[in-house]
Amino acid sequence: MPDASLEAFRSELVEWLEANCPASLRPGATSTKEDRDSWQQVYIERGYTMPTWPREYGGGGLSKDEARVLSHEMGRFANWVPVASFFGTSMLGPVLLEFGNEEQKKEHLPKIVSCEIQWCQGYSEPGAGSDLASLQTRAVRDGDKYIINGSKIWTTGANNADWIFCLTRTDPDAAKHDGISFILFDLRQPGVTISPIQLISGASEFCQVFFQDVKAEARNLVGTLNGGWTIAKRLLQHERAMLSGGTGGGGERPQAKKGPVPAPTSALAEAARAHLGEKQGQLADYPLRDRIAQNEMDALCFGLTLKRSGEQAKAGQGPGPATSMFKLYASELNKRRSEILMSVRGAAALGWSGDEFTPLDIMETRGWLRSKGNSIEGGTSEVQLNVIAKRVLGLPD
Amino acid sequence: MSLVLSEEQELIQQAASEFLKEQTPITHLREMRDSEDPVGFSKALWKEMAELGWAGIPFSEDVGGAGLGLAELGVIVEECGRTLSPYPFLSSVVLAGGAIALGGSEAQKQEILTGLCKGETLLALAFQETGRFSPWAIGTKAEKAGDGFRISGEKLFVLDGHVADHLVVAARTSGSSGEENGITLFLVDPSTQGCTVTRSSMIDSRNAARVALSDVTVTSSAVLGEVDRGAEILNAVFDRATAILSAEMVGIISEVFERTVTYLKEREQFGVRIGTFQALKHRAAEMFCEVELAQAVVLDALRALDEDRPHASRVVSAAKARCSDAASLITCEGLQMHGGIGMTDEEDIGLFLKRAKTAELSFGDAAFHRDRFARLTGF
Ligand SMILES: Cc1cc2nc3c(=O)[nH]c(=O)nc-3n(C[C@H](O)[C@H](O)[C@H](O)COP(=O)(O)OP(=O)(O)OC[C@H]3O[C@@H](n4cnc5c(N)ncnc54)[C@H](O)[C@@H]3O)c2cc1C
Ligand SMILES: Cc1cc2nc3c(=O)[nH]c(=O)nc-3n(C[C@H](O)[C@H](O)[C@H](O)COP(=O)(O)OP(=O)(O)OC[C@H]3O[C@@H](n4cnc5c(N)ncnc54)[C@H](O)[C@@H]3O)c2cc1C
């Protein structure tokens, strides 16, 4: 059902893309840094890094349908799409839109859209991981500021971040969920020490962050004093939705009726074919072929489940507890996939460095190690199971 | 098409749910089983269902059908899964009825489908000859004899074959067992001389007959579709049956899952409700994911067939594999979590376990469909 206003939007958009998207960014061309920078600039001015956010906060002010058209046309038009960092766009942004006051929205959202400020997430502490609400980092009011002391751990990207959204304890005498506040502050100030932690995959995207008499402007307390837990939980729902590949899309693309439809393929099977070869037109290793088919099917079913839940949620409410299911399933699926890739590649999967291994080999090996974090970050799989049991199934405590 | 039910489908679902819960709750299957009812279901109730339009859902209006799709039939069959209603949707409507709708001449359609839509005519498809689903392993021979054919061979697991007014029989007119080419479909009146139908019942208390054909002669007007090209019809019929059976499995697993969660909330041991034990909670949460995934893929498979989407078969295989695995997991876990009471005949959970196993092993189990999925994806 082509909707007339949507089609009008599409043709306007295409016109704009024709006029503005540099030639070096079109499919098949090789982009230059200058073109990327200037393209990003124009793109940001239109608010297109966050197309559905309201215009007054720097977003594109598009409806969901228009945003879909944008993403579709961009996919056709450009080989590079500017994106803002996900901590700002997928986690803090939605929460500010829901819980922030006008001043906070005006101050922070445009800088997320423009990629001007990089954010990081100050949730976990050495003594508070799964049991997040037992956090101890203190924030004490002093005039128009909060003074913050304590430490956060596993803070992804803290070493490259400008600001942090941080859970702090503002009432140590209250019950553990009732004394927490959600505060934003600048990480680039005296008293903040950031020390990177190396991961088993060799990368160092993690940090432990120490706060010694660090200052936050009181106006950067989001929501109510001691009411931070509600915001914290909502943000986790957004995080889970993001980690599981979004709340919509997925599944098989709707197919146009006419014209040949390309045969379905499987990247996993392609990799396996290269390593294992074929027997009578089928992957030579039968048990692995079976595991690959299972994984591909699971991915198909999962994509369809996301699509279905997206359609059910079209009514417009934010993500709910079922996002725990998506987070759980996406993590476990990706881990299984990585395990299969390791089996497929055999000894080639064991390289850490050196010429004997291709850069792709090494990247995949490290990717396998990194995938182990999927079922830990954003809440462990066990914690997701607890959430489903309690909030979705209503099983007793 | 979207993966949420349309308004019309929701109305069908509501009507089906109310009718089946009222008329054929699980006690209905028990009565049929315990009284060794010669039919295995109530013909009067089937007629009522037909009057509601259900038997004719996927057939065109000129034979008295509703001209709807598998998506709509799936909604009803899913409800049948919830109540274990033993009605011949699969045997008469999807399998044999589907073969006639897809391959039959106008005369054959008028003659047979009109009665089917009215709930007056029952049908069965006789194809299988081996235990495991192996669709082209057909040895039954049909040889030219005068103006017609002479058919000999034996068919197993013919669903509702014992009450069928017409059989659709797959026999080999050329080639040898295992080959896809050379199969022809025939309409056979089970009272024809040489045709013996022996009823047996399966663990799920439903009917599967053995059909012996010994020099059964039919005229050439009994051929359904083209000689030697029956597999083309059967391929489409099997896809449809597999998707519909998957819809029934979604009903089964949803029902078992809900009953189990309820039990976890009620049953007390060690002074607390067993649903407080994390060992059970986590398994219940995992089952929840399985149910959700099964629902989504089955909806898509039914729609893919209705839309005649390219590569629809691939989604059908994903659906059947997913449902087979999920049904096995959920019925076994459901039974386990019911403890000793789950082992009793009195508790319904065991009936679901039996029906789920029958469905799991019919039209290809999970391994069969993973293999098929891999082939259809090119590896
Ligand atoms: C790659 C990665 C990125 C991350 N990024 C960030 C970030 O940017 N910011 C941030 O704040 N945090 C981040 N984290 C931290 C993450 O949120 C925590 O690691 C996670 O919440 C688990 O806490 P923990 O490591 O303290 O484990 P623990 O809570 O000590 O858990 C140890 C084990 O016990 C299990 N367990 C704990 N409680 C229960 C229970 N009630 N029932 C059953 N099992 C239980 C867990 O599932 C786990 O298997 C990141 C983690 C990873 C791996
Ligand atoms: C074939 C058969 C033969 C039997 N023969 C005999 C016999 O000869 N004599 C006799 O006395 N009994 C016999 N029993 C009974 C048997 O011992 C009980 O069925 C068994 O102890 C389980 O108790 P329940 O059925 O009350 O299940 P419940 O205790 O109600 O358990 C229900 C579910 O909750 C789970 N559960 C319960 N507590 C916990 C927990 N703390 N943590 C995690 N999960 C939990 C159980 O594992 C089960 O899955 C027999 C049972 C069967 C099935």
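All of the numbers you see were taken from the coordinates with simple rules; none came from a lab. Remember, predicted model here, so these are calculated numbers, not experimental data. For neighbour counting, all protein chains shown are included, and Cβ atoms are generated from backbone atoms with ideal geometry for every residue, glycine included.
Okay, here's what the table says:
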read-out	value
Percent RCO, i.e. relative contact order, over segment A:1-107, from Cα pairs under 8 Å lying at least 6 residues apart	24
R0 of 22 Å, Cβ-Cβ distance B:VAL272-A:ASP171: FRET efficiency to nearest 0.05	0.10
Hz values of 3J(HN,Hα) by residue in segment A:182-193 - Karplus curve (6.51, -1.76, 1.60), Gly and Pro given as x	9, 10, 10, 7, 6, 7, 8, 8, x, x, 9, 10
Of A:ALA158, A:ALA322, A:ALA274, the one that fluctuates the most in a GNM where chain A has Cα springs shorter than 10 Å	A:ALA274
Shape call, segment A:141-183: gyration tensor on alpha carbons, a/c limit 1.5	oblate
Long-range Cα-Cα pairs in segment B:74-188 (distance over 24 Å), rounded percent	30
Gaussian network model of chain B, Cα within-10 Å springs - most flexible of B:GLY148, B:GLY339, B:GLY40	B:GLY339
Leading residue at positive end of dipole, segment A:91-245 (Cβ point charges), from A:SER244, A:CYS120, A:MET91	A:SER244
Computed over chain B: relative contact order in percent, which uses C-alpha pairs under 8 Å that are six or more apart	15
Descending semi-axes in whole angstrom, ellipsoid equivalent of segment B:1-138, from the Cα gyration tensor	23, 21, 16
For A:GLY157, residues with placed amide H under 5 Å, excluding near neighbours	A:PHE206, A:CYS207
Nearby lysines by direct alpha-carbon distance to B:LYS320 (threshold 27 angstrom, same-chain neighbours under 8 apart not counted)	A:LYS257, A:LYS279, A:LYS307, A:LYS327, A:LYS335, B:LYS21, B:LYS155, B:LYS281, B:LYS354, B:LYS357
Two-site label geometry, B:VAL39 and A:ARG141: point separation in nm, points 7 Å out along Cα→Cβ	7.8
Segment B:132-240: trypsin sites (Lys or Arg not before Pro) in DSSP coil with no more than 14 other Cβ atoms inside 10 Å	B:ARG132
Restricting segment A:52-89 to trypsin sites (Lys or Arg not before Pro) in coil, as DSSP defines it, with at most 15 other Cβ within 10 Å	none
Rg to Rh, two decimals, where the protein assembly as shown supplies the alpha carbon set and Rh follows Kirkwood	1.03
Degrees separating the helix B:7-23 axis from the principal Cα axis of chain B, which is the longest one	80
Positive dipole terminus of chain A, leading residue within A:THR168, A:THR365, A:LEU328 (C-beta point charges)	A:LEU328
Cα-based helix-to-principal-axis angle, A:102-113 vs chain A, degrees rounded to 10	30
Sum of -39500 (n - 2.57) over DSSP H runs of 4+, divided by residues of chain B (222 nm, nearest 500)	-16000 deg cm²/dmol
For A:GLU125, residues with placed amide H under 5 Å, excluding near neighbours	A:ILE153
Calculated P(r) of chain A - Cα pairs past 28 Å, %	57
For B:PHE59, residues with placed amide H under 5 Å, excluding near neighbours	B:ALA66, B:GLY67, B:LEU68
Set of lysines near A:LYS111 by C-alpha distance (under 26 Å), chain-local residues within fewer than 8 positions excluded	A:LYS33, A:LYS64, A:LYS145, A:LYS152, A:LYS215, A:LYS233
Phi-based couplings in Hz for segment B:227-232 (Karplus 6.51, -1.76, 1.60; Gly and Pro marked x)	4, 6, 10, x, 5, 4
Crossing angle, helix A:4-20 versus chain A [Cα axis fit, 0-90 degrees, rounded to tens]	90
Chain A, relative contact order [Cα under 8 Å, separation at least 6], %	11
Positive-end residue, chain B charge dipole about Cα centroid, Cβ charges, pick of B:ALA319, B:MET337, B:LEU187	B:MET337
A:GLN282/B:GLU61 FRET efficiency (R0 60 Å; Cβ-Cβ; nearest 0.05)	0.85
Sparse-neighbourhood loop sites, chymotrypsin sites (Phe, Trp or Tyr not before Pro) in segment B:207-310 - DSSP loop, at most 13 other Cβ within 10 angstrom	B:PHE270
Inter-label distance for B:ALA145 and A:SER5, nm, one decimal - labels placed 7 Å from Cα along Cα-to-Cβ	7.2
Principal axes of segment A:287-368: Cα extent on each, largest first, Å	54, 27, 15
Cβ-derived FRET efficiency at R0 30 Å, B:GLU179 paired with A:THR358, nearest 0.05	0.10
Long-range tail of P(r) for chain B (Cα pairs > 36 Å, %)	21
